[in-house]
Amino acid sequence: MPHKRKNRGRKKGKDAGHVKYVHCTLCHARVPADKAVKRVYWGSPIAGAIAKELTSQGTLITNERRTVYYCIRCAMFHGIVKIRPRDERKKIPEEILEKRFRSILGA
Ligand SMILES: [Zn+2]
């Protein structure tokens, strides 16, 4: 059977077996951890004006590490992951391209 992607869009090898699932932060879809897009954000747990006031009074506010997972659909939609430029992508052999054009044109 032909495959569009060699790794099936995942980092898991064929011998890895079961991979734990994570939830997408935006749509709460259940996604395999190796397929999901993982991002780590550092930020203050206290927002805006309150944080500024507290620091001016001499309070030490430590930054918090936040791990976020996105499903592929959400990552693409929100621009976290982008499609690679055409010249960076895999080269399609000309025979296959010709075949595709023939099927489209019906010649
Ligand atoms: Zn999602």
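Rule-based calculations on the coordinates, nothing more; no lab input. Worth saying up front: this structure is predicted, and the values here are computed from it rather than measured. Cβ coordinates were reconstructed from backbone atoms using ideal geometry, including for glycine residues, and neighbour counts include every protein chain displayed.
Being charged (D, E, K, R), closer than 24 Å to Lys11 by Cα and in contact (Cβ under 8 Å) with a residue 24 or more places away in the chain narrows it down to one of Arg73, Arg86, so name that one. I'd like the intermediate steps shown before the answer.
Numbers: Arg86 fails: in contact (Cβ under 8 Å) with a residue 24 or more places away in the chain.
None of the others qualify; the one that does is Arg73.
Report the residue count in region 15-37 for those that are of a type in the set (Lys, Arg), farther than 11 Å from Ala75 by Cβ and either surrounded by 13 or more Cβ atoms within 10 Å (Cβ to Cβ) or free of Cβ contacts under 8 Å to residues at least 12 places away in the same chain (or both).
So in region 15-37, the residues of a type in the set (Lys, Arg) come out as 20, 30, 35.
Now restrict to residues that are farther than 11 Å from Ala75 by Cβ: 20, 30.
From what's left, either surrounded by 13 or more Cβ atoms within 10 Å (Cβ to Cβ) or free of Cβ contacts under 8 Å to residues at least 12 places away in the same chain (or both): 30.
Selection size over region 15-37: 1.
Hey, can you tell me all the residues within region 38-61 that are of a type outside the set (D, E, K, R), closer than 30 Å to His78 by Cα and without any contact (Cβ under 8 Å) to a residue 12 or more places away in the chain?
Scanning region 38-61 gives Ala47, Gly48, Ala49, Ile50, Ala51.
If you go through region 76-87 one residue at a time, do you hit one that is on the phi < 0 side of the Ramachandran plot and touching a Cys at 6+ places or on another chain (Cβ under 9 Å)?
Taking region 76-87 first, the residues on the phi < 0 side of the Ramachandran plot are 76-78, 80-87.
Right, trim to touching a Cys at 6+ places or on another chain (Cβ under 9 Å) and you get 80.
Yes: one or more hits.
Which ranges mark the helices (runs of 4 or more DSSP H) fully within the chain that have 1 or more residues being within 14 Å of the ligand (Cβ to nearest atom) and of a type in the set (Phe, Trp, Tyr)? Give the steps one after another, and end with the answer.
On the way: elements: 48-56, 72-77, 94-105.
Those helices (runs of 4 or more DSSP H) span 72-77.
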